[in-house]
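Reviewing the structure listed below.
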Amino acid sequence: MVKKEFIAKPFEATTQQHAIFIHENDAVDLGVDVGDRVKLSLDDNDLIAVVETTTSLVEEGFIGTFSKVTDCLALEKGDKIGLNPTSTPDSVKYIRKKIGGGILSESEIHSIIEDIVEGELTDQEMTAFLVAEEMGGTSLEERMAMTKSMVDTGQVIDFEREPVMDVHSIGGIPGNDYAMITVPIAAAAGFTVPKTSSRAITSPAGTPDVMEVLCDVSFSLEEISEIVEEVGAVLAWGGAVNLAPADDILVKLERSLSIDPRGQMLASVLSKKMSVGSDEILIDIPTGSGAKVESHEEAKDLAHDFMDLGHKLGLDIETAITYGGQPLGYNVGPGLEAREVLRTLRGEGPKSLVEKGCSLAGILLEMAGEAKFGKGKDLALDILESGEALDKMRDIIECQGGDPEVELDDLPLGDCTGEFCAPRSGYVKKIDNSVITEMARKAGSPKDKGAGLKLFYKEGQKVEEGEPLVRVFSEYENKLGDAMMLAKNEPPVSIETMLLERYSGSR
């Protein structure tokens, strides 16, 4: 006899999909196995969930629910839940089609994305979909369908103004704080820039991690809309709102697999921008050794893909291929990067950050018709040097709940420090992005806001033996030790002497 009613036992644990635990004996009685789907019913609410089995976590007749199920059904301990086996959704059939090399229709892709958002696909099924994209690629039509479906299955903001601008970097280099320069410049020129970004997953700090040192970054859609209406821009964490939610789920799986399917990345970026009403979008593609994109040819190919997809979606897309062979600024980690951003807005920042921030802002100003082609950077530099960008950033910080007059010394900085010094005199040959990133994360960044690295030299600069090349900051001695051990085993900076070889001998 099939059991159809169980007693709820909520667990404080989270999964991407809706999942439950039942006792193995109950699973046998129901005729279900691990990974099978069941329909849960409580009062007038129904929910599809995936089965996991156990012999110890719950007793027979009980159902263990993960947080997602508990929240969706508003469950409380002891509630009686109806449970019946149900069939596998059609989207799984479409995933198998993609694995076999097929081209998916718009409706098939929408079915997959909708089921991802509704929690009806398992991690294994979503992973299979990502791997199929990685191995088989995606057509332009599939990318269009993916982007539109991601937008349609989430919330959107309509600012009722034109143009709505945005700038996005595909990332891959540490210390990439251009957005906190570019956005206030464009907003100071009178344009709307609702910049939402992801927190760092594998990098030392994302824009929200740095901005969070100065003010709040977690807002509802209504709050984001109010901030933008008041000051023209926002620098917020996109994960706090339901913008293209399928993307947030898939990105976590991509990171765990260390894959980044081209079509998925394009859809990910543009769906987020479309969700906030952006119609003029600038894509930054850092290129160089140690960056996500290492060759100029690959960068041009990616730029064309962005522009082709944007054109099909009715968006005005520009791309900028920028140098990404070393960290952008001299500081890596939330507190350190926040200091560098404020110094740059005050006219005291490194040329590299000024150059990139103003160059990208200049392109936005040209896209908006505020400056003639090739003249946008000069206008952006004028806005920066006049102090208008700093004033706008102070407005943004205040509107996001921070102190607009914050002093640099008030920002977090770890008091445990160590230095990696030049082993010989010479010139900086290479700064290894991947080692710099890993050192900063071992030091505690981005979770520990005072953790990170300060670089003293960039490529091509002359150094003397024993001079500090990198200073590490951490809030904990053990984390500092981990970062310094990595630097010892994998030097973050390579030094080359002028005398590369000496040869002597008889002719």
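The values are calculated or read from the model by the stated rules, or taken from the named source; none is laboratory data. Since this is a predicted model, take the numbers as computed values, not measurements. Please note: Cβ atoms are built from the backbone with ideal geometry, for glycine as well, and neighbour counts cover all protein chains shown. Only protein heavy atoms, including side chains, enter the accessible area calculation; ligands, DNA and RNA are left aside. Shrake-Rupley method; radii C 1.70, N 1.55, O 1.52, S 1.80 Å.
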Over 18 Å (Cα to Cα) among LYS93/LYS252; LYS195/LYS312; LYS292/LYS449; LYS351/LYS454; LYS375/LYS458 -> LYS93/LYS252; LYS195/LYS312; LYS292/LYS449; LYS375/LYS458
Extension gain from PHE11 to LEU257, taking 0.36 nm per residue of separation minus the Cα-Cα distance: 85.9 nm
Pick the calculated Rg/Rh (Cα atoms, Kirkwood Rh) for this structure from (1) 1.09; (2) 0.96; (3) 1.03? (3)
Give the accessible surface of the chain per residue, rounded to a whole number of Å², with probe radius 1.4 Å and ligands, DNA and RNA excluded. 44 Å²
Expressed as a rounded percentage, what relative contact order does the chain have, with Cα pairs under 8 Å and six or more residues apart? 13 percent
The stretch 408-507: radius of gyration and largest Cα-Cα distance (Dmax), Å: 16.2, 67
For the stretch 167-224, I need the span (max minus min coordinate) of the C-alpha atoms along each principal axis, in Å, sorted largest to smallest. 33, 24, 20
Along each of its three principal axes, how wide is the spread of alpha-carbon positions in the stretch 38-170, in whole angstrom units, largest first? 54, 43, 27
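Compute the projected area of the convex hull of the Cα atoms of the stretch 263-344, averaged over all viewing directions, and report it in nm² to one decimal place. Before the final figure, lay out the partial values.
On the way: hull surface 25.9 nm².
So the Cα hull casts an average projection of 6.5 nm².
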Other residues with Cβ under 13 Å from the Cβ of GLU419 give, with Lys and Arg +1 and Asp and Glu -1, a net charge of +2
Roughly how tilted is helix 477-489, in degrees to the nearest 10 and between 0 and 90, from the longest Cα axis of the chain? 70 degrees
Compute the relative contact order of the stretch 259-313 as a whole-number percentage, counting only Cα pairs closer than 8 Å that sit 6 or more residues apart in sequence. 27 percent
Taking 2.2 N^0.38 Å as the expected size of a compact globular protein, what ratio does the Cα radius of gyration of the stretch 312-434 give against it, to two decimals? 1.30
note: the stretch 202-259, Cα-Cα separations exceeding 15 Å make up a percent value of 59 percent
Accessible carbon and sulfur surface of the stretch 376-476 relative to its total accessible area, %, 1.4 Å: 43 percent
Binning at 10 angstrom from zero up to the longest distance, how are the C-alpha pair distances of the stretch 106-244 distributed in percent? 11, 33, 34, 20, 2
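Work through the residues other than ASN478 whose Cβ is under 13 Å from its Cβ and net out their charges, Lys, Arg +1 and Asp, Glu -1.
The answer is -2.
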According to a simple spin-label model (label point 7 Å from Cα along Cα-to-Cβ), what is the distance in nm between VAL131 and SER295? 2.7 nm
Calculate the length of the line joining the C-alpha centroid of the stretch 181-257 to that of the stretch 305-361, in whole Å. 15 Å
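Sort 212-220, 37-45 by the packing proxy (mean of other Cβ within 10 Å over each peptide's residues), most packed first.
212-220, 37-45
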With everything on Cα atoms, drop me the angle between helix 90-99 and the longest principal axis of the chain, reported from 0 to 90° to the nearest 10. 50 degrees
Between rounded, prolate and oblate, where does the stretch 139-204 land on the alpha carbon gyration tensor, with a ≥ b ≥ c its root eigenvalues, rounded for a/c under 1.5, else prolate if a/b exceeds b/c? oblate
Mind ranking 435-444, 456-465 by how tightly packed they are, going by the mean number of other C-beta atoms within 10 angstrom, highest first? 435-444, 456-465
Tell me, what is the FRET efficiency for PHE373 and LYS488 to the nearest 0.05, using R0 = 45 angstrom and their Cβ-Cβ distance as r? 0.35
Per-peptide average of other Cβ atoms within 10 Å, ordering 300-309, 234-243 highest first: 234-243, 300-309
